[in-house]
Amino acid sequence: MKRALIMIAMSVLVLCGGPSTARAAFYTFSGANELAGSFTLDENTPFSITVDMFGTSGVLMSPLNHISGVFGALTFQGTPSLFVSDLFTPCCGGAEDSWIVRSNITGPTVNGLTPAMLNLFIFRGADAVTPISLIPPAPGNSPFDFQYTFGFTDGSFTSGALTTLTLVPEPSTVTLLTFGLPITAALLRTRRTSAKIH
């Protein structure tokens, strides 16, 4: 018990000790047909930015990105990439601003279907301001503005409505210290009491 408390306290204090070299933004998502999961995007990798006559776009790709989840009876994991587009005006056959997570995934075959890809879409009007950012923007008003597609190795796919796509805030140093310092104080009191008894 004491050893576990010491490890927890040390972990909390290490987390509070300074910035980590590897940082990841953590997200959760859910959707129709029992889609649910989470993904991380590497915060240390910069967006690759392109500006052209249509607007600004950014792509974030990193081998450190990761996604996993379930889709009904299927389980999957893989590597996501983030594609963000902020158009100046509507163009190219009605294209809109977008914040899209595109993932190559794998998983066990169930009922003859093997996971191959998952795309999570947030669309907004081209007149919206969509920052090239890790923060998911609010979707537009159409039911098609917040959806997913799930593809299989045989080339077939299905789509449905997203229910949630949320960036989970990382715990602050103050929060970590709030939990870590009382544990450390309790350990010190326990040690002093033990020393007096012996």
Determine whether the range 93-109 contains at least one residue that is touching a strand residue (DSSP E or B) at 6+ places or on another chain (Cβ under 8 Å), assigned to a loop (DSSP other than H, G, I, E, B) and at pLDDT below 95.
yes
Considering only the range 57-82, how many residues are among the polar types (S, T, N, Q) and crowded, with 18+ Cβ neighbours inside 10 Å?
3
If you check ILE105 against the conditions, is it among the aliphatic types (A, V, I, L, M), touching a Pro at 6+ places or on another chain (Cβ under 8 Å) and surrounded by 14 or more Cβ atoms within 10 Å (Cβ to Cβ)?
yes
Check ASN44 against each of (1) more than 17 Å from SER103 (Cβ to Cβ); (2) assigned to a strand (DSSP E or B) and name the one condition it does not meet.
(2)
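Please verify whether the range 108-117 includes one or more residues that are within 22 Å of the chain's Cα centre (by Cα) and crowded, with 20+ Cβ neighbours inside 10 Å.
Kept after step one, since they are within 22 Å of the chain's Cα centre (by Cα), are these residues of the range 108-117: 115-117.
Still in the list and also crowded, with 20+ Cβ neighbours inside 10 Å: 115-116.
Yes, the conditions are met somewhere in the range 108-117.
The values are calculated or read from the model by the stated rules, or taken from the named source; none is laboratory data. Just so it is clear, the model here is predicted, and its values are computed rather than measured. No Cβ is skipped: glycine too gets one built from the backbone with ideal geometry, and neighbour counts run over all protein chains shown.
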